[in-house]
Amino acid sequence: MRLDVISIFPEYLQPLSLSLIGRAAEEGILDLNVTNLRDFTEDKHRKVDDTPYGGGAGMVMMPEPWGRALDAVRPADAQGPKPTLIVPSPAGRVFDQQMAYELAEEEHLVFACGRYEGIDERVVDYARENFNVIPVSIGDYVLNGGEVAVMVMVEAIARLIPGVIGNPESLVEESHSDVLLEYPVYTKPASWRGREVPEVLLGGNHQRVGRFRRDEQIKRTAARRPDLITQMDVQSLNRRDRDA
Ligand SMILES: COC(=O)c1cc2cc(CO)sc2[nH]1
């Protein structure tokens, strides 16, 4: 997969060169390109923002640098399927694991990081000529720009791409119980500051361990995220366990 990120703070995306994603980029599994929007300005101050039409506080990102940057990623005369352009925005479709799976199937993802009060709306309209444009929110809170949202999405998406994380087994487990929260995990020592690891985990009876973990998942989800499960789901989960 090719990933392009356009931002006035490219250094914000540096952590993507660390760890698993960095290694996947080195191995060519991911083709990650971070572009500085200011490289597409032509004035000596490398200006990217200006005052808003209609007045109001703050500044708006000018359209022309964005037009040039998007054209550089995907020229108007390019052939082949349109890349997907993700625009982080509070006014976007809410990002979730299902969207991460969907986007992990794409060949080419482009992320446009807004700053200030946002990007001139005509840029989004123009981009639709050469991209599938999706405004995406990572949650209902205010950020100063799109970069942090891009970090969240790139991590969630890239880890689903074959070869990016060493142990695909963990992805399989997640996918089966997507609706349930993770069970609690423990490691050595068995006794720590007067706190013991649950006995069932020390015994090695895989069936009992599986039952314990599933019960913990259901208890945790019901307690912390009841919105994730409905009565029907609990019945189907119990049915699936009986059949397992
Ligand atoms: C100029 O601000 C942005 O581009 C911006 C992007 C996002 C994403 C948010 C949470 O989903 S809040 C926010 N602001």
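On the basis of being surrounded by 11 or more Cβ atoms within 10 Å (Cβ to Cβ) and away from the ligand (no atom under 16 Å from the Cβ), does Ala190 make the cut?
Here the answer is yes, as Ala190 does meet what is asked.
Filter segment 109-150 down to the residues that are open to solvent by less than 80 Å² (accessible area, probe 1.4 Å) and within 6 Å of the ligand (Cβ to nearest atom) and list them by number.
Of everything in segment 109-150, those that are open to solvent by less than 80 Å² (accessible area, probe 1.4 Å) and within 6 Å of the ligand (Cβ to nearest atom) turn out to be Gly114, Arg115, Gly118, Ser137, Ile138, Gly139, Leu143, Gly145, Gly146, Ala149.
Within the group Ala72, Ala76, Ala57, which residue is within 21 Å of Val142 (Cβ to Cβ) and surrounded by fewer than 16 Cβ atoms within 10 Å (Cβ to Cβ)?
None of the others qualify; the one that does is Ala57.
Across segment 156-170, what is the total count of residues that are farther than 9 Å from Ile29 by Cβ and more than 17 Å from the chain's Cα centre (by Cα)?
5
Pull up segment 1-40, narrow it to residues that are part of a loop (DSSP other than H, G, I, E, B) and open to solvent by 40 Å² or more (accessible area, probe 1.4 Å), then point me to the one that is modelled with the highest pLDDT.
Phe9
Which one is farthest from the ligand (Cβ to nearest atom), of the residues in segment 49-95 that are without any contact (Cβ under 8 Å) to a residue 60 or more places away in the chain and at positive phi?
Residue satisfying both the conditions and the ranking: Gly80.
Pairs please, first residue from segment 183-205 and farther than 23 Å from Ile218 by Cβ and at pLDDT 95 or above, second anywhere and hydroxyl-bearing (Ser, Thr, Tyr) and not in a strand (DSSP E or B), Cβ atoms under 7 Å, 6+ apart in sequence or on different chains.
As it stands, the answer is none, since no pair meets every condition given.
For the list (1) at pLDDT 95 or above; (2) out of contact with any helix residue (DSSP H, G or I) (no Cβ under 6 Å at 6 or more places or on another chain); (3) more than 30 Å from Ile29 (Cα to Cα); (4) open to solvent by 40 Å² or more (accessible area, probe 1.4 Å), I need the number of the one condition that Thr230 fails.
(1)
The values are calculated or read from the model by the stated rules, or taken from the named source; none is laboratory data. These numbers come from a predicted model, not from an experiment. Every residue, glycine as well, gets a Cβ built from its backbone with ideal geometry; the counts of neighbours run over all protein chains shown. Each accessible area value is taken on the protein alone, full model and side chains, heavy atoms only, with ligands, DNA and RNA left out. Shrake-Rupley method; radii C 1.70, N 1.55, O 1.52, S 1.80 Å.
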